[in-house]
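Right, one structure below, let's go through it.
Readers should treat all values here as calculations from the given coordinates under stated rules, not as data from a laboratory. Everything quoted here is computed from the prediction, not taken from an experiment. Cβ: placed from backbone, ideal geometry, glycine included. Neighbour counts: every protein chain shown.
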Amino acid sequence: MTSQIIYKSGLRTSCTHLQSSTEIETDAPTDNKGKGERFSPTDLLATALGSCMVTTMGIKAETMGIELDGTRVDVTKIMFSDPRRVGKIVAHVFIPSGLNLDEKTKEILERSARTCPVERSLHPDLELDIAFNWG
């Protein structure tokens, strides 16, 4: 097993990663009867995309001797209705200045981000607005 989720009441869950025993909690969002005091499950979906993108970029960068420390991904989740679902994710990646990378290297790192396992797992109807900002 990967994780275990326990419903705690009040539209909150406690999620345990079994390998590390780390825990996160989720809440239903305020626009769907929740308190919005934690990530919602759909927030985690959108956040997983950004985290996966920057992680795969980091893996590739390490093999190329490049440090991406301080790289930031700003994620926005946009809900659609009928049926209620995540309809669009905006993920803008900001790479710190000072790396002085050529265009080919940037393209390699961007491609590694765009082929991360989470993006490859998303439904093709989900709109993605992904941008890379170098320095």
Between ALA131 and ASP82, Cβ-based FRET efficiency (R0 22 Å, step 0.05) works out to 0.20
Of the listed links LYS8/LYS33; LYS60/LYS106; LYS60/LYS88; LYS33/LYS77; LYS77/LYS104, those spanning more than 20 angstrom between alpha carbons are LYS60/LYS88; LYS77/LYS104
FRET efficiency (ARG72, SER9; Cβ distance; R0 35 Å; to 0.05) is 0.50
Proxy exposure order for HIS17, HIS92, HIS123 (fewest C-beta within 10 Å first) is HIS123, HIS17, HIS92
In deg cm²/dmol, rounded to the nearest 500, the helical mean residue ellipticity at 222 nm of the chain, built from -39500 (n - 2.57) for every DSSP H run of length 4 or more, is -9500 deg cm²/dmol
Share of Cα-Cα pairs in the stretch 41-134 beyond 18 Å, whole percent, is 43 percent
antiparallel share of DSSP beta bridges within the stretch 26-135, to nearest 5, in %, is 50 percent
Low-density loop trypsin sites (Lys or Arg not before Pro), the stretch 1-35, at most 14 other Cβ within 10 Å, DSSP non-H/G/I/E/B, are LYS33, LYS35
